[in-house]
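Peer 1: Take this structure first; my questions come after.
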Amino acid sequence: MNILTLETSCDETAAAIITDRLEVRASVVASQDELHKRFGGVVPEIASRAHLQRILPVIHETLQQAGMSLDDLDAVAVANTPGLAGSLLVGLVAAKAICVAQNIPLLAVNHLQAHIYACRLAAAPQEVFPCVGLIISGGHTSLYRCLGPLDFEMLGATIDDAAGEAFDKVAMMLGLPYPGGPSIQKAAASGNPKAHAFPRSFIRDDQRLDFSFSGLKTAVRYSIAGPGRTDFTSIDLKPQQVADLAASFQEAVVDVLVDKALAALRKTELHMLCVGGGVAANARLRKRLQSAADDAGVQLHIAPLRLCTDNAVMGAIAIERLNAGLTESLDLDVYPGVIRRGPR
Ligand code: KG4
Ligand code: ZN
């Protein structure tokens, strides 16, 4: 069977064709980074318009890459939660239109669960469930107890900024280009991670599996502008100052993510950790997670770099739903918010 998977939850327009044996026949990602760059973050209205312009060419290119036509498709899967409402809608209506035209089933994909499923794809044929799932992206930072590919329960989440959002905002303060994660990682390479003692929220509270990055962001701001001051537009940072701030910020985020992932493993008594989402591409985090997992005797699966940031290949999770008979009716809607428990 060939399943077309669509992903438009945020600012990547992506499509892939996956077989029911998890083979990737084609994958196309059209990034909108260039459009959002000058705003330092994703502008929802611009994102949904760009999806609208790109979705058909992206689907066309995906079919071409696979050497297939619409007639070769057996189902269409689409990310319908969580994400930006207008962006999700573009993928959903495109998916519905193909399902109607071709008379094939529609499948729903939970974008966060798909980020964890990227680990399953990379590890196959090795099983990754049951595991603790850590999802760290531009829009979300959350921990899940994942008993199976369709059985996720949220253990905790950020109460303010997502980890990737903090990277993007701090990069902007440091005058580094968007997206902030890769540019902070690059600047941090020549910086001292101990130069600034930035806060690590909730780190001593093992029972609380939530995250908070907004205090950290403010601490960086005060380090640039001076205590209590927020306006630093006229302050010119030297390259070494930028590097030290970037390295100290990155280390604080990494400390918190590693600490909370380990706390979740202790709490759930699970011995497998799967990590996905754009921030999982961070080299320092990958290294620290690996040594923490080795010390704790935990098996670690981090999504491969090409599957960390948004893509449609991870929509292969829809095959689990197809196998479980969980197809959708054509009145399927988008759910922009996070669903804390259940198969969606
Ligand atoms: O998963 P993703 O593509 O989109 C969402 O679902 O949000 O994640 C994008 C986020 C951005 O905030 C970006 O700055 C961050 O992932 N990111 C990184 C790195 N590469 C991307 N953060 C830290 N280090 C990186 N190397
Ligand atoms: Zn994502």
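Peer 1: So how many residues does the range 36-74 have that are more than 19 Å from the chain's Cα centre (by Cα) and part of a helix (DSSP H, G or I)?
Peer 2: Counting residues in the range 36-74 that are more than 19 Å from the chain's Cα centre (by Cα) and part of a helix (DSSP H, G or I) gives 24.
Peer 1: I'd like the full set of residues that are outside any helix (DSSP H, G or I), open to solvent by less than 40 Å² (accessible area, probe 1.4 Å) and on the phi < 0 side of the Ramachandran plot, limited to the range 219-229.
Peer 2: Hits for the range 219-229: nothing passes.
Peer 1: Now, a different point. Go through LEU270, LEU285, LEU265 for me and flag whichever is away from ligand 1 (no atom under 16 Å from the Cβ), open to solvent by less than 40 Å² (accessible area, probe 1.4 Å) and within 21 Å of the chain's Cα centre (by Cα). Even if it seems obvious, please write down each step before you answer.
Peer 2: Numbers: LEU270 fails: within 21 Å of the chain's Cα centre (by Cα); LEU285 fails: away from ligand 1 (no atom under 16 Å from the Cβ).
Among LEU270, LEU285, LEU265, only LEU265 is away from ligand 1 (no atom under 16 Å from the Cβ), open to solvent by less than 40 Å² (accessible area, probe 1.4 Å) and within 21 Å of the chain's Cα centre (by Cα).
Peer 1: Checking the conditions here, which among LEU134, LEU143, LEU147, LEU121 is outside any loop (DSSP other than H, G, I, E, B) and without any contact (Cβ under 8 Å) to a residue 24 or more places away in the chain?
Peer 2: Of LEU134, LEU143, LEU147, LEU121, the one residue that is outside any loop (DSSP other than H, G, I, E, B) and without any contact (Cβ under 8 Å) to a residue 24 or more places away in the chain is LEU147.
Peer 1: Please go through the range 236-249 and give me each residue that is modelled with pLDDT of 95 or more and within 11 Å of MET173 (Cβ to Cβ), ordered by number.
Peer 2: Within the range 236-249, VAL242, LEU245, ALA246, PHE249 qualify.
Peer 1: Would you please name the residue that is nearest to ligand 2 (Cβ to nearest atom), looking only at residues in the range 6-51 that are polar (S, T, N, Q) and closer than 16 Å to PRO82 by Cα? So that I can check it myself, show each step before the final result.
Peer 2: Let us first name the residues in the range 6-51 that are polar (S, T, N, Q), namely 8-9, 13, 19, 27, 31-32, 48.
Next, from what is left, pick out any that are closer than 16 Å to PRO82 by Cα: 8-9, 13, 48.
Working: THR8: 11, SER9: 6, THR13: 13, SER48: 16 Å.
Residue satisfying both the conditions and the ranking: SER9.
Peer 1: So is PHE202 in contact with a helix residue (DSSP H, G or I) (Cβ under 9 Å, 6 or more places away or on another chain) and modelled with pLDDT of 95 or more or not?
Peer 2: No: the conditions fail for PHE202.
Peer 1: A follow-up question, please. Those residues that are surrounded by fewer than 19 Cβ atoms within 10 Å (Cβ to Cβ) and outside any strand (DSSP E or B), I need them from the range 14-34; list them, please.
Peer 2: ASP20, ARG21, LEU22, GLU23, ASP33, GLU34
Peer 1: Hey, another quick one. Going through THR268, THR309, THR233 one at a time, which residue ends up being in contact with a strand residue (DSSP E or B) (Cβ under 9 Å, 6 or more places away or on another chain) and modelled with pLDDT under 95? I'd like the intermediate steps shown before the answer.
Peer 2: On the way: THR268 fails: modelled with pLDDT under 95; THR233 fails: in contact with a strand residue (DSSP E or B) (Cβ under 9 Å, 6 or more places away or on another chain).
One residue alone meets the criteria, THR309.
Peer 1: Of the residues LEU216, LEU143, LEU155, LEU209, which is at pLDDT 95 or above, within 16 Å of ligand 2 (Cβ to nearest atom) and either of a type outside the set (Gly, Ala, Ser) or open to solvent by 20 Å² or more (accessible area, probe 1.4 Å) (or both)?
Peer 2: Answer to the selection: LEU143.
Peer 1: Here's another thing I want to ask about it. Test each condition in (1) more than 16 Å from ligand 2 (Cβ to nearest atom); (2) within 20 Å of LEU270 (Cβ to Cβ); (3) aliphatic (A, V, I, L, M) for ILE135 and report the one that comes out false.
Peer 2: Result: ILE135 passes all but (1).
Peer 1: Which residues, taken from the range 85-113, are open to solvent by less than 30 Å² (accessible area, probe 1.4 Å), under 27 Å from VAL279 (Cα atoms) and outside any strand (DSSP E or B)?
Peer 2: Scanning the range 85-113 gives SER87, LEU88, VAL90, GLY91, LEU92, HIS111, LEU112, GLN113.
Peer 1: Shifting gears a bit: Residue pairs, Cβ under 7 Å, 6 or more apart or interchain, first in the range 179-192 and in contact (Cβ under 8 Å) with a residue 60 or more places away in the chain and hydroxyl-bearing (Ser, Thr, Tyr), second within 6 Å of ligand 1 (Cβ to nearest atom) and assigned to a helix (DSSP H, G or I). List them.
Peer 2: Qualifying pairs under 7 Å: none.
Peer 1: Being surrounded by 14 or more Cβ atoms within 10 Å (Cβ to Cβ), assigned to a loop (DSSP other than H, G, I, E, B) and among the aliphatic types (A, V, I, L, M) narrows it down to one of ILE235, ILE203, so name that one. Reasoning before the result, please.
Peer 2: Working: ILE235 fails: surrounded by 14 or more Cβ atoms within 10 Å (Cβ to Cβ).
Selected residue: ILE203, the only one of ILE235, ILE203 that is surrounded by 14 or more Cβ atoms within 10 Å (Cβ to Cβ), assigned to a loop (DSSP other than H, G, I, E, B) and among the aliphatic types (A, V, I, L, M).
Peer 1: Restricting to the range 295-344, name every residue that is within 16 Å of ligand 1 (Cβ to nearest atom), within 26 Å of MET1 (Cα to Cα) and surrounded by fewer than 21 Cβ atoms within 10 Å (Cβ to Cβ).
Peer 2: PRO304, ARG306
Peer 1: Given the criteria within 13 Å of ligand 2 (Cβ to nearest atom), under 20 Å from ALA264 (Cβ atoms), surrounded by 20 or more Cβ atoms within 10 Å (Cβ to Cβ) and modelled with pLDDT of 95 or more, does TYR117 qualify?
Peer 2: Working: within 13 Å of ligand 2 (Cβ to nearest atom): yes; under 20 Å from ALA264 (Cβ atoms): yes; surrounded by 20 or more Cβ atoms within 10 Å (Cβ to Cβ): yes; modelled with pLDDT of 95 or more: yes.
So TYR117 passes the test.
The values are calculated or read from the model by the stated rules, or taken from the named source; none is laboratory data. As the structure is a computational prediction, the values presented were derived from the model and not from experiment. With ideal geometry, Cβ positions are generated from the backbone for all residues, glycine too; neighbour counts draw on all protein chains shown. Side chains are part of the model used for accessible areas, which takes the heavy atoms of the whole protein and leaves out ligands, DNA and RNA. Shrake-Rupley method; radii C 1.70, N 1.55, O 1.52, S 1.80 Å.
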